[in-house]
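Structure first, then comments.
The values are calculated or read from the model by the stated rules, or taken from the named source; none is laboratory data. Only a predicted model underlies this, so the values are computations on that prediction, with no experimental measurement involved. Every residue, glycine as well, gets a Cβ built from its backbone with ideal geometry; the counts of neighbours run over all protein chains shown.
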Amino acid sequence: MYKVYLVEDESIVREGLRDNIPWEQYGFTFIGDSSDGELALPEILRVRPDVLITDIRMPFMDGLSLSRIVKSKLPQTRIIILSGYHDFDYARKAIEIGVERFLTKPVTRRAVTQVLAELALKLEEEKKSREELEKHQEEMQEYVQFRRRSFLERLFSGRLTVEEIYRESTQLGIDLSGPCYGLLLFRVFENTSRDRLAVSEAETELLRIREDILQFFLRHVQYLAVRWIGAAVCVIVKGEQETVERGISQAEEEIAAITASSGGRIGYLLCVSPVSDRLSGLKECYEKVERFYSCQYLDPTAKVITQEIYEELIREKASDSREDSPGGDGAGSLFGHVLERTLHYVDAHYMEDALSLQGAAKEADVSPGYLSGLFSQKMGMTFIEYVTAKRMDQAKHLLSETREHTATIAAMVGYKDPNYFRYVFKKTFGVTPREYRGKHLKSSEGAG
């Protein structure tokens, strides 16, 4: 059924049309009426009728003004003008606005039903044409996606020459300008601890997380994201070497942050290839991330797998007997050595606002991606979460043991902005620094 709204200031005419026209017989449903255009406009914009029937001369807002606004806001709405005047100038203006028909009063039932029958047929034809167009567009979109997928499969398998890569990528509107490339393969999934949510809620949250991550990639030109096998997503990172390395680090941080917003209900696995300085190197990049992706069983807790982490996982797997012995994952292993240096670095620099994952990775002599994945696996939290916890614990100590001003304490634990410090503190502990100090400050402490 198509919706009809009527605007007519003469109550006899309005009620006669409303009550005496067999709307449903012609495929319409009458959804409302009003006595003038000013009162009608908000309601029309709310209910969005398929057809508007309006008188041309009304107080407050006439039919032409109303029609002009409705056409600008709801261009698909069809408009029928009623007029008691044989005024060709009105008819000309109505046609310019895009009014469907112009009926002269007194309007007969036969005239209205004839217009409705013609309009219903026209609306049905347009609906059918629109549905066919939408179907065609969907099929074309599917075809384009198929071609993009086929192209990338051949690119990753090494079956294309560099010349063929550039020719086909241009045809498909894919920008593969480098000069360096990296590859990410990731998926997000529900953790087994999601029983706190209903199944439908968990699925909704999973879709939201996945969409938020994809939107991040779409916002930046250095990424080319493509849905891959199953729930996995493949992302090409391109640009200068520094751009690619920074893009990989940003992607790792963004995926970690977005999934963290689920409170642990949504997990992720991210496989990161080494950076290649040639387009044809994407074949090797894909072989590596595919290998990383398939070896996730070596460590089910893994969140990020890079070349370094993969090699260490293989070494650990090959020496399970030593691994099971006391101290097997101690400072003597690569994992233990990197973690030890990182934790010492955080202890020494947590009070500095510039403390970062990149700085810690440089100190430990590993890549930021490697450190990010290793830290999450072995510590059960991200690097940023660990630093924040360290700072907050020290802030609690200073608030309860000293009478230093809150802004001073914020600076002492690595926050330049006292307001942000207060925000993080309250988010962590549920109370403001002032409230915490009021409950925990030792009365024996002197002013200082």
Between Lys135, Lys127, which is without any contact (Cβ under 8 Å) to a residue 24 or more places away in the chain, loosely packed, with under 13 Cβ neighbours inside 10 Å and under 30 Å from Ile21 (Cβ atoms)? Lys127
Condition met for Ala251 (part of a helix (DSSP H, G or I) and within 19 Å of the chain's Cα centre (by Cα)): yes
Does at least one position in region 19-29 carry a residue that is in contact with a strand residue (DSSP E or B) (Cβ under 6 Å, 6 or more places away or on another chain), within 18 Å of Leu82 (Cα to Cα), among the acidic types (Asp, Glu) and not in a strand (DSSP E or B)? no
Please tell me if Leu121 is more than 20 Å from Val233 (Cα to Cα), surrounded by 12 or more Cβ atoms within 10 Å (Cβ to Cβ) and out of contact with any helix residue (DSSP H, G or I) (no Cβ under 8 Å at 6 or more places or on another chain). yes
When region 170-188 is checked residue by residue, the ones that are surrounded by fewer than 22 Cβ atoms within 10 Å (Cβ to Cβ) and among the small types (Gly, Ala, Ser) are Gly173, Ser177, Gly178
Search region 11-25 for residues that are within 21 Å of Ala120 (Cα to Cα) and pair each with any residue that is aromatic (Phe, Trp, Tyr) and surrounded by 13 or more Cβ atoms within 10 Å (Cβ to Cβ) when their beta-carbon atoms are under 6 Å apart and the residues are at least 6 apart or on different chains. Trp23/Phe30
If we ask which residues in region 142-165 are aromatic (Phe, Trp, Tyr) and without any contact (Cβ under 8 Å) to a residue 12 or more places away in the chain, their number turns out to be 2
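Residue-wise test of (1) modelled with pLDDT under 90; (2) of a type outside the set (S, T, N, Q); (3) in the same structural domain as Gly27 (by TED's automatic domain parsing); (4) touching a helix residue (DSSP H, G or I) at 6+ places or on another chain (Cβ under 9 Å).
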site	(1), (2), (3), (4)
Glu131	yes, yes, no, no
His136	yes, yes, no, no
Met140	yes, yes, no, no
Tyr143	yes, yes, no, no
Arg148	yes, yes, no, no
Phe151	yes, yes, no, yes
Ser157	yes, no, no, yes
Glu164	no, yes, no, yes
Ser169	no, no, no, yes
The correct count of residues that are touching a residue at least 60 places away in the same chain (Cβ under 8 Å), buried (at least 20 other Cβ atoms within 10 Å of the Cβ) and closer than 17 Å to Ala348 by Cα in region 373-423 is 3
In region 271-283, the residues that are of a type in the set (Ser, Thr, Tyr) and outside any helix (DSSP H, G or I): Ser273, Ser276
In the set Tyr268, Tyr286, Tyr293, the lone residue that is of a type in the set (Phe, Trp, Tyr) and not in a helix (DSSP H, G or I) is Tyr268
Within region 224-247, which residues are free of Cβ contacts under 8 Å to residues at least 60 places away in the same chain and over 15 Å from the mean Cα position of the chain (by Cα)? Leu224, Trp228, Ile229, Gly230, Ala231, Val235, Val237, Glu242, Arg246
